[in-house]
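Rule-based calculations on the coordinates, nothing more; no lab input. Here the structure is a predicted model, which means the values were calculated and not measured. Note that we place each Cβ from the backbone using ideal geometry, even for glycine, and neighbour counts take in every protein chain shown.
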Amino acid sequence: MTAQVVHTAIALPAYAHSQDSIRDALLAWLADDPDQAAKAASIIAHGEVRRRYTARPLDWYLTHTSVTERSRAYADEMVALCERAARDALAGAGVAPAEVAMILTASCTGVMIPSVETYLVERMGLRPDIRRLPASEMGCVAGAWALGRANDYLRAYPRAAVLVVAAELASLTAQVTDRSMANIVSAALFGDGAAATVLIGPQFPHNGSRAPVRDAPGEVMAAANPAIRAGGRARPARVLASRSHLFPGTPGLMGFDVTDSGLKIVLSPRVPRFIRQHLPAVLAPFLEEQGVGRGDLKHFLLHPGGRKVLEGLERELQLTQEDTRFSWRVLREYGNLSSATVLVMLHHFEQECRPDPGDLGLLMAVGPGFCAELVLLQW
């Protein structure tokens, strides 16, 4: 028996921007460098992102440039966003804060010590003896990684509940003195936001009321637990298996350099091609070990690292944009949210999709290392 993913919630900063407004801000910043401005305009025009959220107004980033100022903003916003997402996830799952035995948190776009879950314990009434596992240096894969580690924990402690929270404030890593293409691509692609999800073990005391009841094909009735509301929440997913894979000799493809002005993005143009060439070979043995074929997968939650990455995965895995519609939706409406992205996709899937009993799905992310995280789900 494996863990159930009961409910996922998201929290977004106060400042929402159309991609046109971000384009205008970038072009104003690059006004004295026409070549870079033209490249930035092209990246934005072809990136498929339509809207993003930031922790502060756009003009704030041009004037508040010190590491101290941005670190303070990071800590304040992290606590607020993570608390909102976590409270909503627990409420939707029908799990009380005191019932959570373990909390995993993920973020790579800033540093705060003590880590954010320390504040959540006091603010939310989580248990003082809760097991804490913060992940601060894994980047985009951390949300998928956390689901796998939560499942590992719940195999050992089947009566427990686990809270996963991922939040990123990529806007606070923007370097106003760095006009490299990596920094421009980052400014055109990444967004701010948080997501949280609740997982329960197979013997969690309320487990019997978690799964929705199907009275007829395509019709989902409310479960005994009011958290499974009438109107079509998805059947909770079970985590069947997970896999981590680190590609040798690739640390320079993606990450951050720690500089006097803060975190400076490292983003190789080789990333989309590398993913297309190497990721399918990792997926095949993972599925084979679970007795699953590529054709058995019905749902795909693929981290949208960018348009080229997503299009490449579609070609290699023979998927349509309908198959990857949640990836495209999150990319368009939020940009790349790094570790939180797969959880934001999971949130929309839960709200809008009604999988059939037994359906299999793949949740997948890639990130610094260079590495991949794979999670096999079943509804």
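Full extension of the chain between VAL258 and GLU322 gives 19.1 nm of extra length, using 0.36 nm per residue less the Cα-Cα distance. The stretch between ARG72 and ASP24, if pulled fully straight at 0.36 nm per residue, gains 14.6 nm over its current Cα-Cα span. Note: region 236-378, Cα convex hull, 116 Å³ per residue. The mean sequence distance of close C-alpha pairs (under 8 Å, at least 6 residues apart), as a share of the length of the chain, puts its relative contact order at 24 percent.
Would you mind calculating the relative contact order of region 4-200 from Cα pairs under 8 angstrom and at least 6 residues apart, reporting the percent as a whole number? So the answer I get is 34 percent. To the nearest ten degrees, helix 67-93 and the longest principal axis of the Cα atoms of the chain are 20 degrees apart.
Of the residues PRO57, LEU172, ALA196, the one whose Cα sits farthest toward the positive end of the charge dipole of the chain, with +1 on the Cβ of Lys and Arg and -1 on the Cβ of Asp and Glu, is ALA196. Under a 5 Å amide H cut-off, with hydrogens placed 1.01 Å from N, ALA241 pairs with LEU376 among residues at least 5 apart or on other chains. When the helices of the chain are scored as -39500 (n - 2.57) per DSSP H run of n ≥ 4 and the total is divided over every residue, the value at 222 nm lands at -11500 deg cm²/dmol.
Over region 63-214, the ratio between the Cα radius of gyration and 2.2 N^0.38 Å evaluates to 1.16. Annotation: amide H of ARG159 within the under-5 Å range of GLN203, sequence separation 5 or more or interchain, hydrogens built in the peptide plane. Computing FRET efficiency as 1/(1 + (r/R0)^6) for ARG159 and GLN277, where r is the C-beta to C-beta distance and R0 is 51 Å, gives about 0.70. Equivalent-ellipsoid semi-axes for the chain (Cα gyration tensor, √(5λ), whole Å, largest first): 33, 24, 19. For region 110-158, the square roots of the Cα gyration tensor eigenvalues, ordered a ≥ b ≥ c, give a/c of at least 1.5 with a/b no greater than b/c, which places it in the oblate category. Report the gain in length on full extension from ARG329 to LYS39: 0.36 nm times residue separation, minus Cα-Cα distance, nm rounded to one decimal. Length gained, ARG329 through LYS39: 101.9 nm.
A Förster radius of 30 Å, combined with the Cβ-Cβ distance separating ARG179 from VAL111, puts the computed FRET efficiency at roughly 0.75. Between the beta carbons of ARG315 and SER268, assuming R0 = 25 Å, the FRET efficiency works out to 0.80 to the nearest 0.05.
Within straight-line reach of LYS308, meaning a Cα separation under 13 Å, sit the following aspartates and glutamates at least 8 residues removed in sequence or on another chain: GLU48, GLU316. When only Cα pairs below 8 angstrom with a gap of at least 6 residues are kept, region 253-379 shows a relative contact order of 26 percent.
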